[in-house]
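Read the structure below first, then the notes.
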Amino acid sequence: MNPGETLGHFLSECPLIAIVRGVAPDDAAATGEAVYEAGIRIIEVPLNSPDPLTSIAMLARRFGDEALVGAGTVLDVADVARVKDAGGRIIVSPDTNIEVVAAAAAAGLVSCPGYFTPSEAFAALRAGAHGLKLFPAEEASPALLKAQKAVLPRDVPVIVVGGVKPDSMQPWIDVGAAGFGLGSGLYKPGQSPAETAEKARAYVAGVRGR
């Protein structure tokens, strides 16, 4: 599969991304197991976490092709290569840095940069992005996404990130959101694997309409 197909495959299995910001390597494996067992198949370790490349390497080895593991808060082109060397396969950014997008695409990694406006979205797509992260979604609305989806390519998945709760996803799905990034509502540093698993199951149930 090419990177776009890889992203589509894992979103079709479960349209949720676990953003485990602040996770430490000692907790990464148990946290990854907790979200995986709940049904989530994409795991993002933000680079402003403690020793994030070690955590990414551990999770990549543990899950292999069974999950899409990578980095978030990628702000620098040099970090793209570091993430790939650690075994990461997805690069997520909070902004539309076309150099980072192009570097990820050239490296054969999934690129999913953050955007807020149509101009940012199309700049990212021209640079090679495979998906788009609408961020911060707290400042947006399903109506905004509906308007953007009218002009964005239909095959480009838009992931909604920011303030997502288990009972707030359906209006976004109704206007074409392809998935959701789950941050502090899912995981906070020091949280037990059992609590992470419980929260993950609630999100999985919410996105499946149960």
Open item on the list: Using the Karplus curve 6.51 cos²θ - 1.76 cosθ + 1.60 with θ = phi - 60°, what ³J(HN,Hα) values do you get for each residue of the range 125-130, in whole Hz, with x for Gly and Pro?
Closed with: 5, 5, 7, x, 4, 9
TODO: Could you do me a favour and compute the accessible area per residue for the range 1-72, 1.4 Å probe, result in Å²?
DONE: 37 Å²
Task: Percent accessible area from carbon and sulfur atoms, the range 120-208, protein chains only, probe 1.4 Å - done: 54 percent
- [ ] Determine ³J(HN,Hα), in whole Hz, for all residues of the range 158-170 in sequence, where each value follows from phi through the Karplus function 6.51 cos²θ - 1.76 cosθ + 1.60 and θ = phi - 60°; x replaces Gly and Pro.
- [x] 10, 9, 8, 9, x, x, 6, 10, x, 9, 10, 8, 4
TODO: Report, in whole Å, the centroid distance computed from the Cα atoms of the range 32-46 and the range 88-104.
DONE: 20 Å
TODO: Considering the options Ala124, Ser168, Ile17, tell which one lies farthest towards the positive end of the dipole of the chain, charges being +1 on Lys and Arg and -1 on Asp and Glu at the Cβ, about the Cα centre.
DONE: Ser168
- [ ] Calculate the length of the line joining the C-alpha centroid of the range 62-85 to that of the range 139-196, in whole Å.
- [x] 21 Å
Task: Cα-projected label distance for Ser119 with Leu144, points at 7 Å along beta-carbon direction, nm - done: 1.5 nm
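Considering only DSSP beta bridges where both residues belong to the chain, give the percentage that are antiparallel (nearest 5).
Working: 0 of 24 bridges.
Looking only at bridges with both residues in the chain, the antiparallel portion is about 0 percent.
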- [ ] First compute the accessible area of the range 1-53 with a 1.4 Å probe, then give the percent of it belonging to carbon and sulfur atoms.
- [x] 50 percent
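Over the range 130-210, what is the relative contact order in percent, taking alpha-carbon pairs closer than 8 angstrom and at least six residues apart?
31 percent
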TODO: Evaluate the distance, in nm, between pseudo-label points positioned 7 Å from the Cα of Glu33 and of Asp167 along their respective Cα→Cβ axes.
DONE: 3.2 nm
TODO: Determine the dipole magnitude for the chain: charges of +1 sit on the beta-carbon of Lys and Arg, -1 on that of Asp and Glu, nothing else is charged, the reference point is the Cα centre, and the result goes in debye to the nearest 20.
DONE: 420 debye
Task: Residue among Ala137, Pro153, Ile56 farthest towards the positive dipole end of the chain, charges placed on Cβ - done: Pro153
Task: Hydrodynamic radius by Kirkwood, which averages 1/r over all alpha carbon pairs of the chain, in angstrom - done: 16.6 Å
Open item on the list: Give the lysines whose C-alpha is closer than 18 Å to that of Lys146, dropping any in the same chain fewer than 8 places away, or say none.
Closed with: Lys133
- [ ] Return the aspartates and glutamates within reach of Lys149: Cα separation strictly under 15 angstrom, same-chain partners fewer than 8 residues apart disregarded; answer none if there are no such residues.
- [x] Glu120, Asp174
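The values are calculated or read from the model by the stated rules, or taken from the named source; none is laboratory data. Source: prediction; values computed, not measured. All Cβ positions, even for glycine, are placed from backbone atoms using ideal geometry, and neighbour counts span all protein chains on display. Only protein heavy atoms, including side chains, enter the accessible area calculation; ligands, DNA and RNA are left aside. Shrake-Rupley method; radii C 1.70, N 1.55, O 1.52, S 1.80 Å.
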